Amino acid sequence: MTDMLVALFHYGMHVDPSNIAMPTRDRFILSKGHAAVCMYIAMSLRGFFDFEEILSTYGKIDTHYGMHPCKVHLPGVESSTGSLGQGLPIAVGMALMAQQRKEAYRVFCMMGDGETCEGSIWEAAMYAGSKGLGNLIGIVDRNHQFMTRHSDQGFMKLEPYEDKWRAFGWNVIPINGHDMNAIADAFDALPQYDSDRPTVIICDTIKGKGISFMERQISWHSGNLTEEQMNQALEELKAAHMREM
């Protein structure tokens with residue numbers, strides 16, 4: 001999801017870190033709130049937060065940068081999240097309010113594909129399609145993994161995934177979630193905010209991409225790096241970056 005978040009805050013969304021309450025700003029809801037550290041860093045690169053403060057205080061008592069985001073502690077975060085399945089309903093409410101007030105902005109909501117096993121996601125999706133919320137943009141981190149297994153192992157069958165969204169009245173844009181050109185093209189292809197269909201960008205991703213011992217490994221849904229593992233991860237990411245330059 002990191003690639004999408006960086007592209008979102010630097011290219012896809014109309015936001016201004018020097019004026020976080022700007023009425024015409026686009027809104028972003030991180031429904032998969034347990035991934036908040038990625039959002040913090042992407043926002044710090046855009047100028048919202050101090051990167052060094054994130055590094056020195058993340059996850060500690062009384063930090064502003066908790067493992068789930070809190071809008072009370074972090075102005076610029078639109079909603080406190082972490083209970084899976086609740087972000088899209090919040091985003092639907094925001095988009096509906098903007099539609100009723102004829103306000104010109106979009107509401108973006110990032111979800112995990114495992115999270116979309118929740119019924120609240122599909123209830124919100126059905127409502128958004130029924131109301132023609134063209135100002136609502138869903139983003140799914142489609143990494144094909146749940147917390148304890150891969151999504152094709154029979155726990156909850158998500159396929160045909162794209163067709164499910166289409167059946168609920170959504171415009172569907174499937175992309176490679178690690179290809180910045182594809183991400184930018186997806187943002188460029190979004191309909192106008194006053195169109196009559198919500199859009200979902202389904203990003204095919206690899207969990208732990210670029211780090212050999214993490215890629216698609218269920219055991220790395222959570223965990224702590226040793227210093228040796230951290231140095232190996234950094235070297236592998238640097239090498240991948242140099243190959244792409």
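The values are calculated or read from the model by the stated rules, or taken from the named source; none is laboratory data. Bear in mind the structure is a predicted one, so any value in this text is a computation, not a measurement. Cβ: placed from backbone, ideal geometry, glycine included. Neighbour counts: every protein chain shown. Quick note on the areas: whole protein, heavy atoms, side chains included, nothing else; ligands and nucleic acids left out. Shrake-Rupley method; radii C 1.70, N 1.55, O 1.52, S 1.80 Å.
With the condition kept exactly as written, say whether any residue in the range 11-29 is in a helix (DSSP H, G or I), in contact (Cβ under 8 Å) with a residue 12 or more places away in the chain and surrounded by fewer than 19 Cβ atoms within 10 Å (Cβ to Cβ). The answer is yes, given that some residue of the range 11-29 is in a helix (DSSP H, G or I), in contact (Cβ under 8 Å) with a residue 12 or more places away in the chain and surrounded by fewer than 19 Cβ atoms within 10 Å (Cβ to Cβ). Taking the numbered list (1) more than 29 Å from Tyr161 (Cβ to Cβ); (2) hydrophobic (A, V, I, L, M, F, W, C); (3) assigned to a helix (DSSP H, G or I); (4) open to solvent by 40 Å² or more (accessible area, probe 1.4 Å) in turn, Ile54 passes all entries but (4). For the criterion of being aliphatic (A, V, I, L, M), touching a strand residue (DSSP E or B) at 6+ places or on another chain (Cβ under 8 Å) and either in a loop (DSSP other than H, G, I, E, B) or buried (at least 21 other Cβ atoms within 10 Å of the Cβ) (or both), Leu74 fails.
Scan the range 213-225 and tell me whether some residue there is surrounded by 14 or more Cβ atoms within 10 Å (Cβ to Cβ), out of contact with any Cys (no Cβ under 7 Å at 6 or more places or on another chain) and among the small types (Gly, Ala, Ser). No, the range 213-225 contains no residue that is surrounded by 14 or more Cβ atoms within 10 Å (Cβ to Cβ), out of contact with any Cys (no Cβ under 7 Å at 6 or more places or on another chain) and among the small types (Gly, Ala, Ser). Among the residues making up the range 30-61, those that are among the aliphatic types (A, V, I, L, M) and over 16 Å from Leu84 (Cβ atoms) are Val37, Ile41, Ala42, Met43, Leu45, Ile54, Leu55, Ile61. Somewhere in the range 163-170, is a residue of a type in the set (A, V, I, L, M, F, W, C) and touching a Pro at 6+ places or on another chain (Cβ under 7 Å)? Scanning the range 163-170, I find at least one residue that is of a type in the set (A, V, I, L, M, F, W, C) and touching a Pro at 6+ places or on another chain (Cβ under 7 Å), so the answer is yes.
For the range 1-18, what are the residues that are within 18 Å of Ile173 (Cα to Cα) and among the acidic types (Asp, Glu)? It would help to see each step written out before you state the result.
Step one: of the range 1-18, the residues within 18 Å of Ile173 (Cα to Cα) are 1, 3-5, 7-8, 11-13.
Residue satisfying the conditions is Asp3 alone.
Please give the strands (runs of 3 or more DSSP E) falling wholly within the range 110-204 in which 2 or more residues are surrounded by fewer than 20 Cβ atoms within 10 Å (Cβ to Cβ), within 16 Å of the chain's Cα centre (by Cα) and free of Cβ contacts under 8 Å to residues at least 24 places away in the same chain. Write out each step before concluding.
Numbers: elements: 136-142, 171-176, 199-204.
Once the strands (runs of 3 or more DSSP E) in the range 110-204 are filtered for at least 2 residues that are surrounded by fewer than 20 Cβ atoms within 10 Å (Cβ to Cβ), within 16 Å of the chain's Cα centre (by Cα) and free of Cβ contacts under 8 Å to residues at least 24 places away in the same chain, nothing remains.
Is at least one residue of the range 190-211 basic (Lys, Arg) and within 25 Å of Ala36 (Cβ to Cβ)?
From the range 190-211, those basic (Lys, Arg) are 197, 207, 209; that's our starting set.
Now narrow it down to the ones that are within 25 Å of Ala36 (Cβ to Cβ): 207, 209.
Checking the range 190-211: at least one residue is basic (Lys, Arg) and within 25 Å of Ala36 (Cβ to Cβ).
Could you check the range 164-218 and list, in sequence order, the residues that are aromatic (Phe, Trp, Tyr) and in contact with a Lys or Arg (Cβ under 6 Å, 6 or more places away or on another chain)?
Answer for the range 164-218, where residues must be aromatic (Phe, Trp, Tyr) and in contact with a Lys or Arg (Cβ under 6 Å, 6 or more places away or on another chain): just Tyr193.
Listed by first and then second residue, the pairs with beta-carbon distance under 7 Å, at least 6 apart or on different chains, first residue in the range 44-60 and at positive phi, second open to solvent by 70 Å² or more (accessible area, probe 1.4 Å) and not hydroxyl-bearing (Ser, Thr, Tyr), are Gly59/Met67. Could you tell me which residue of the range 57-71 is surrounded by the fewest Cβ atoms within 10 Å (Cβ to Cβ), considering only residues that are over 16 Å from Cys109 (Cα atoms) and of a type in the set (D, E, K, R)? Among those residues, the one meeting the criterion is Asp62. Residues that are open to solvent by less than 20 Å² (accessible area, probe 1.4 Å), at pLDDT below 95 and not in a helix (DSSP H, G or I) do occur in the range 84-107.
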